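Colleague: One structure is given below, represented as structure tokens, and several questions about it will come after.
The values are calculated or read from the model by the stated rules, or taken from the named source; none is laboratory data. No experiment lies behind these values; they were computed from the predicted model shown. Using ideal geometry, Cβ is built from the backbone for each residue, glycine included, and neighbour counts are taken over all protein chains shown. Each accessible area value is taken on the protein alone, full model and side chains, heavy atoms only, with ligands, DNA and RNA left out. Shrake-Rupley method; radii C 1.70, N 1.55, O 1.52, S 1.80 Å.
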Amino acid sequence: MIEVDVRGFSCPIPVVRTKKAIEDNPGTPVTVLVETAVSKENVSRLAQSRGYSVDVEEVEDGFRIILSPSSK
Amino acid sequence: MTRLLTPRTLIIIAGLIFGILAAFMVDWGNPSNMGICIACFLRDISGGLGLHRAGVVQYLRPEIMGLALGAFASALSFREFRARGGSAPIVRFLLGAFVMIGALVFLGCPVRAVLRLAGGDLNGITALAGVVVGAGVGILFLKRGFNLGRSTKTYTAAGWIMPVLMLGILLLAIFMPYFIFESESGPGSMHAALWISLVVGLGVGVMAQRTRMCFVGGWRDLIMVRDTYLFSAIAAFFIGAIIVNAALGYLDWGFTGQPVAHDNHLWNFLGMALLGLACTLLGGCPLRNLILSGEGDIDAGVTVLGLIAGAAIAHNFATTASPTGIGDFSVVAVIVGLVFCLSVGFLMREKIA
């Protein structure tokens, strides 16, 4: 499991880091830790546009986003 | 029903309303093609507070206080207010100052660039090309690991400083103590009634906080991740403004003789390239930073203070353009700004694992 911790980074670093993680690890689930609702939305939108399904868990100090590649 | 109100449709509606209001603000008293301009209005506030002595651009623009306080109220009611900061504040302050210096060479922020184009001022095209190229350079830095570091949670009281400061400037605008400056001629003397400006600012502030609209981020995401979400606000804003301008008879196509504008293409382009790059390094346009400063992001607050200081520097050091052309020191200032931004981009990188 790849984990990307971008808590505390402001726009657009969470998207940049998530993009790199999913491009470097095609077909692998990626977990992203973000702090703000804005980052959660941005990362989710990127992942969905790349064909990942997105699960968001609210955790202390932010969100844990689990990106799973579609089974196709 | 809920399907109709996706984030995408909401940001398009918000962009349209913003564009319509921005065009109407001219009819209600604001300067031509300057219904709303975050850079110009912060510059006017800088003058109103006496930080620069350019007599024609001094007025405490209530739109600005409305935007920040609208974002503050919105963030509080949607439980998104989070006091945070500590991500390279001094770098952000200077980037903010150079954003303003670049904007005042063109005479407008990325919002006014779109608004000018929607009024027929074709110099808006040169300016937007500059924003896009600047953002493109910023993206190269982002891809190479550039960032300004993490922010951390801080005291809630610290997050309240910018909203309280904005409330203070609003009180100064209402009560006008004698040390506040107000233009008697020029753009600073042209303004809508205080309550109209304030209400429009508050409304747009709430919409911008909810939709995260950003007039540099829109171009950035389009290039970087082919994401059109933020861009759709820019497009909708343009459409809203151009329809109202056409209806009110304000459309006047051309490069020359445009209101509060000049047509030095090279420096319009480079001034806005400086702005596009600095904003991409900052993560948002002046509007977005103003909104974030109301949400408890004290780094964005520092950026806004940098924008205000930048306006003072720009006018005091003759780096601003005027309708007759660029200023005596515009060229030097833009070059210094580009060198600063490129240094930040090259030197503040970490290796991405």
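Colleague: Determine the calculated [θ] at 222 nm for chain B from helices alone, applying -39500 (n - 2.57) to every DSSP H run no shorter than 4 residues and normalising by the residue count; nearest 500 deg cm²/dmol.
Modeller: Calculated at 222 nm, the ellipticity per residue is -21000 deg cm²/dmol.
Colleague: Something else about it: Scan chain B and report its longest stretch carrying no trypsin sites (Lys or Arg not before Pro) that are both in a DSSP loop and have at most 14 other Cβ atoms within 10 Å.
Modeller: It runs B:227-350.
Colleague: Hey, what does the equivalent ellipsoid look like for the protein assembly as shown, semi-axes from the Cα gyration tensor as sqrt of 5 times each eigenvalue, largest first, whole Å?
Modeller: Values: eigenvalues 229, 98, 93 Å².
One finds semi-axes of 34, 22, 22 Å for the protein assembly as shown.
Colleague: Under 4.7 Å Cβ to Cβ, no partner at all: give me those cysteines from chain B, in residue order.
Modeller: Isolated Cys, chain B: B:Cys109, B:Cys214, B:Cys279, B:Cys285, B:Cys341.
Colleague: Something else: If the elastic network links every pair of Cα atoms under 10 Å, which of B:Thr320, B:Thr156, B:Thr280 fluctuates the most in the Gaussian network model of chain B?
Modeller: Sorting by GNM fluctuation, first place goes to B:Thr156.
Colleague: For region A:2-69, what is Rg from Cα atoms divided by 2.2 N^0.38 Å, rounded to two decimals?
Modeller: In units of the 2.2 N^0.38 Å rule of thumb, it is 0.95.
Colleague: So what are the radius of gyration and Dmax for the Cα set of chain B, in Å?
Modeller: When restricted to the Cα atoms of chain B, Rg and Dmax are 18.5, 58 Å.
Colleague: Then there is this: Considering lysine pairs in the protein assembly as shown that are 8 or more places apart or on different chains, how many have Cα atoms under 13 Å apart?
Modeller: 4
Colleague: Another one. Using a simple charge model, +1 on the beta-carbon of Lys and Arg, -1 on the beta-carbon of Asp and Glu, nothing else, what dipole does region A:2-69 show about its Cα centre, in debye to the nearest 20? Present the calculation step by step, with values, prior to reporting the outcome.
Modeller: Numbers: 8 positive and 11 negative charges, 72 e Å.
Dipole size: approximately 340 debye.
Colleague: Turning to a different aspect of this structure: So how much slack lies between A:Ser68 and A:Asp24, counting 0.36 nm per residue of separation and subtracting their Cα-Cα distance, in nm?
Modeller: On the way: separation 44, 0.36 × 44 = 15.84 nm, distance 1.45 nm.
Contour length minus Cα-Cα distance gives 14.4 nm.
Colleague: Just the number, please: carbon plus sulfur as a percent of the accessible area of chain B, 1.4 Å probe, no ligands or DNA/RNA counted.
Modeller: 71 percent
Colleague: Which whole number gives the average count of other chain Cβ atoms within 10 Å of the Cβ atoms across peptide B:146-157?
Modeller: 3
Colleague: Work out how much length B:Arg53 to B:Leu140 would gain on full extension: take 0.36 nm times their residue separation and subtract the Cα-Cα distance, in nm to one decimal.
Modeller: Full-extension gain reported as 27.5 nm.
Colleague: Where both residues lie in the protein assembly as shown, what percent of DSSP beta bridges are antiparallel, nearest 5?
Modeller: If we restrict to bridges inside the protein assembly as shown, about 75 percent are antiparallel.
Colleague: Please give the FRET efficiency for A:Val56 paired with B:Ser343, using the beta carbon to beta carbon distance and R0 = 41 Å, rounded to the nearest 0.05.
Modeller: Rounded to the nearest 0.05, the efficiency is 0.60.
Colleague: Peptide B:218-229: average number of partner chain Cβ atoms within 10 Å per residue?
Modeller: 3
Colleague: Chymotrypsin sites (Phe, Trp or Tyr not before Pro) within region B:65-125: which are DSSP loop residues with at most 13 other Cβ atoms inside 10 Å?
Modeller: Counting only loop positions with at most 13 other Cβ atoms within 10 Å, the chymotrypsin sites (Phe, Trp or Tyr not before Pro) in region B:65-125 are B:Phe78.
Colleague: Could you do me a favour and compute the accessible area per residue for chain A, 1.4 Å probe, result in Å²? Intermediate results must be reported in sequence, preceding the final value.
Modeller: Working: 3410 Å² over 72 residues.
With the other protein chains kept in place, chain A gives 47 Å² per residue.
Colleague: Which loop-located chymotrypsin sites (Phe, Trp or Tyr not before Pro) does region B:248-353 contain, where loop means any DSSP state but H, G, I, E or B and the Cβ has at most 14 other Cβ atoms within 10 Å?
Modeller: Loop-located and lightly packed - B:Trp253.
Colleague: Okay, moving on. What does the charge add up to near A:Ile66, with Lys and Arg as +1, Asp and Glu as -1, over the other residues with Cβ less than 15 Å from its Cβ? Write down the numbers at each step before the final one.
Modeller: Values: positive: A:Lys40, A:Arg50, A:Arg64; negative: A:Glu3, A:Asp5, A:Asp55, A:Glu57, A:Glu58.
It works out to a net charge of -2.
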